[in-house]
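Scroll down for the structure; my scribbles are underneath it.
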Amino acid sequence: MTVYQLRNTILDLLLRIEKDSGFSHLLIDNEMKSKRIAPKDEGLLTEIVYGTIQRKMTLDYYLDSFVKKNKKMDAWVRMLLRMSVYQMVYLDKVPDYAIIHEAVEIAKQRGHKGIASFVNGVLRNIQRNGVPDIKGIKDDAKRLSIGTSHPEWLVERWMTMYDYETVKAMCEANLTKKPIAIRIQPMKITREKAMRSLEDLGFETKASLFSEQGIIVEKGNILHTELFRQGYVTIQDQSSMLVAEMLEVEPGMKVLDACSAPGGKVTHIAEKMRDEGDIHAFDLHKKKVKLIDDKAHQLDLTIIDAKPGDARKLDELYEEATFDRILIDAPCSGLGVIRGKPEIKYHKNEEDIKRLAVIQSEILEHVAPLLKKDGLLIYSTCTVDVLENEKVVQNFLANQHDFQIDETFFETLPATLKYAQGITDIGLQLFPHDGTDGFFLTRLKKN
């Protein structure tokens, strides 16, 4: 693929992500699987796509100094300028003249001579004069918003929950690349053997401190290995691995995963149970149930019975006190996984968060009675919003007097997390700058 074709592909991907609110990681994966992208180009494509989305607001702030306020532009022209400015400001592998030349050629091909001249003029002005200094913005929330490309309402909301330095650290972490974490299938391979195999292939790895099955891959593409293709390992963030570890399952138990897709946590639970017992897994969307089945099949796990179902209606299917363990990994705003899915921050609003908190409360209310006496229930989300986390649990406990926070949860956390910043009397909040996804979890016990 020529440089020109690669830049065109990148532009098409960016436009699809913005127009269809598509998940960047899925679209990029599909593009890689199409085999149209040479391995040597995969890194640059991923860098430009993620980087342009991550820094969209910053890039628009820069462009606003060089484009007349009322100038009308087609979506593809603005995106072409964004991706070009991103490369000029944040990457140093490609010289500015080459970036400008490719942008002008794309503008000619997609538009006409006038658009090509406009693109050339804007980019050359930026090359000559440099971009404006964001430090000049006096308001803390606005400066952080523009500087890290997080909507101002979101920054202001987080600042009501956490101190400024924590919010700043979160926003800045969301602009960085997170190392891939993988989980071994312990009935197929040991962590030590998997790490040796990967290191023999030139990978750089280290053991996760969150799970005895976890490996952090600091260098290397796990998707291209036989270990991944044959189901010896699967990709899963460390924070998600913590769920199965803290659920304390044992072989032979009866377990419910109420919101299961795509299946990372439930397959981990099955592995912890040595594939002995009975796991009932549900997801609201029928097509996502296949993802659970596919993941279980890939890892050769047989005890997971996956079905479509609304978690708020599972009490119509089961008697009270049916399950030894329950996981509610509740649908949430996803504001803890912005680092891997940067488009999320542009598509959410406060009403979404409030609506989701209601759904989370309803799920917890209807599912919790299915737990046996002295059973354990994990409530988790991949967000950092207090309304979806601590508040949901507090409201539940205020109305359900036969449940309480399991105090041993805090004692059994991995040593590295026992004194984490996000520990509260309700549970554990992990932040993106902790080196994981932003993630909340707590453990409830039925009296």
To the nearest 10 degrees, how steep is helix 113-129 against the longest Cα principal axis of the chain, on a 0 to 90 scale?
80 degrees
Add +1 for every Lys or Arg and -1 for every Asp or Glu among the other residues with Cβ under 9 Å from the Cβ of CYS382, and state the total.
-3
So, by mean Cβ neighbours within 10 angstrom, what's the order for 373-382, 140-149 with the highest one leading?
373-382, 140-149
Provide the descending list of Cα extents for region 216-301 along its principal axes, expressed in whole angstroms.
38, 29, 22
Expected sort for 326-336, 168-178 on mean C-beta neighbours within 10 Å, highest first, is 326-336, 168-178
The answer for GluC sites (Glu not before Pro) in region 259-358 that fall in a DSSP coil and have at most 16 neighbouring Cβ atoms within 10 Å is GLU276, GLU319, GLU320
Environment charge at ALA103 (Cβ cut-off 15 Å; Lys +1, Arg +1, Asp -1, Glu -1):
+2
Normalised by the residues of region 31-101, what does the relative contact order come to in percent, with Cα pairs under 8 Å and at least six apart?
31 percent
Quick check on region 41-192: take the gyration tensor over C-alpha atoms, sort the square-rooted eigenvalues as a ≥ b ≥ c, and tell me if it's rounded (a/c under 1.5), prolate or oblate.
oblate
Give the peptides 179-191, 121-133 in descending order of average Cβ contacts within 10 Å, highest first.
179-191, 121-133
Out of the total accessible area of region 1-111 (probe 1.4 Å, heavy atoms of protein only), what percent is carbon and sulfur?
50 percent
So what's region 197-356 giving for Rg/Rh, alpha carbon basis, Kirkwood Rh from the mean inverse pair distance?
0.99
What would the Debye equation give as log₁₀ I(q)/I(0) for region 314-430 at q = 0.23 Å⁻¹, counting only Cα atoms as equal point scatterers?
-1.37
In whole Hz, what ³J(HN,Hα) sequence does region 379-392 give by Karplus (6.51, -1.76, 1.60; θ = phi - 60°), x for Gly and Pro?
10, 9, 8, 9, 9, 10, 8, 4, 4, 8, 10, 4, 5, 4
In whole Hz, what ³J(HN,Hα) sequence does region 394-405 give by Karplus (6.51, -1.76, 1.60; θ = phi - 60°), x for Gly and Pro?
4, 5, 4, 5, 5, 10, 10, 7, 8, 10, 8, 5
Taking amide hydrogens as modeled 1.01 Å from N in the peptide plane, which residues meet the under 5 Å criterion relative to ASP329, leaving out close sequence neighbours?
ALA258, CYS259, SER380
If you put +1 on each Lys and Arg Cβ and -1 on each Asp and Glu Cβ, how big is the dipole of the chain around its Cα centre, in Debye rounded to 20?
2260 debye
State, in angstrom, two size descriptors of region 59-98 derived from its alpha carbons: Rg to one decimal place and Dmax to the nearest whole number.
11.0, 34
Ellipsoid equivalent to region 122-223 - semi-axes via the Cα gyration tensor, in Å
40, 21, 9
Could you tell me what fraction of 2.2 N^0.38 Å the Cα radius of gyration of the chain comes to, as a two-decimal ratio?
1.06
Heavy-atom accessible area of region 323-447 with neighbours in place, 1.4 angstrom probe: carbon+sulfur share in percent works out to 48 percent
Before I look further, what does the chain give for accessible area per residue, probe 1.4 Å, in whole square angstrom?
46 Å²
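The values are calculated or read from the model by the stated rules, or taken from the named source; none is laboratory data. In this text the structure is predicted, and so the values were computed from the model without any measurement. Reconstructed Cβ throughout: ideal geometry from the backbone, glycine too, with neighbour counts over all protein chains shown. SASA here: full protein model, heavy atoms, side chains in, ligands and nucleic acids out. Shrake-Rupley method; radii C 1.70, N 1.55, O 1.52, S 1.80 Å.
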